[in-house]
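Notes follow the structure.
No value in this document is a laboratory result; all are computed from the given coordinates. Everything numeric in this text was worked out from a predicted model, so none of it was measured. Using ideal geometry, Cβ is built from the backbone for each residue, glycine included, and neighbour counts are taken over all protein chains shown.
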């Protein structure tokens, strides 16, 4: 367990006594629901948060890559943050994605998230500094200046365009102490988890992602948990608990049985639509559309999804 974390979600002291703290485990990446006209569906969002808290997830991550954050306009971003934090009710920590091309933008988004009650923020390195590590470090120094919440570095080259070696990550978090956690999505992830553990020890919180594709292998390599949006987070929670309890066979059986669905949900283009359809199927949201432009579920994919859910006994 990272020294900056407490298993199961501890509590900050002083003026932040009601703010859940980062802990090890499964953090669900929350999709943003929209209604049939493409408007923000806050009622479904409230229902979804209640559903996830009821499943005993260890935390929530909003406005990330799969949260359609760039499609939000005007006051919608703050409405999402306020709704999620209010509905979570202090039961679990809420992390807010605040990536921005400029450090000024990231800093302003992060401060707003902090003021609204977020337990932490997640920031990806800027594409424009991808060839200059020193500039990337300076970006984070400026972006997190004045923050009192923890910062998660999102290591996802597919969306950021920036590839960071394990050594570069350790150098960055050493120079910018507020960055205490990494959402690791640069495959092969188990190898990079192991590299970070060797270089940083247990002081750095390392979490997987990528839909949970390599969650068990990441845990075996030393990960603290995962931050991903798989629509059956309780399955990942069972894998995590079994692993922590030393029940290797139970962890493997649970994970590898669910892996076909994890793989199916992680498809390019339609993955988010699959995820939203599953949540709608589970009664967690009323609408499952993607805000345009985006790919909604087609008949073939929907048929195969329900066939797979039936085979797994999840329908």
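Points to keep in mind about this one:
- Estimated FRET transfer efficiency (residue 37, residue 295; beta-carbon r; R0 25 Å; 0.05): 0.90
- (i) 22.3; (ii) 19.5; (iii) 20.5, with the label sought being that of the calculated Kirkwood radius over Cα pairs in Å: (ii)
- Highest-first packing order for the peptide set 180-189, 194-203, 234-243 is 180-189, 234-243, 194-203, based on the mean count of other beta carbon atoms within 10 Å.
- Subtracting the Cα-Cα distance of residue 247 and residue 198 from 0.36 nm times their residue separation leaves 15.2 nm of extension gain.
- Cα→Cβ-extended label distance, 7 Å offset, between residue 102 and residue 76, nm: 2.3 nm
- For the residues 131, 150, 58, a GNM of the chain with alpha-carbon springs under 10 Å puts the largest fluctuation on 131.
- Mean residue ellipticity at 222 nm, helices only, the chain: -13500 deg cm²/dmol; runs of at least 4 DSSP H residues each add -39,500 (n - 2.57), and the sum is divided by the number of residues.
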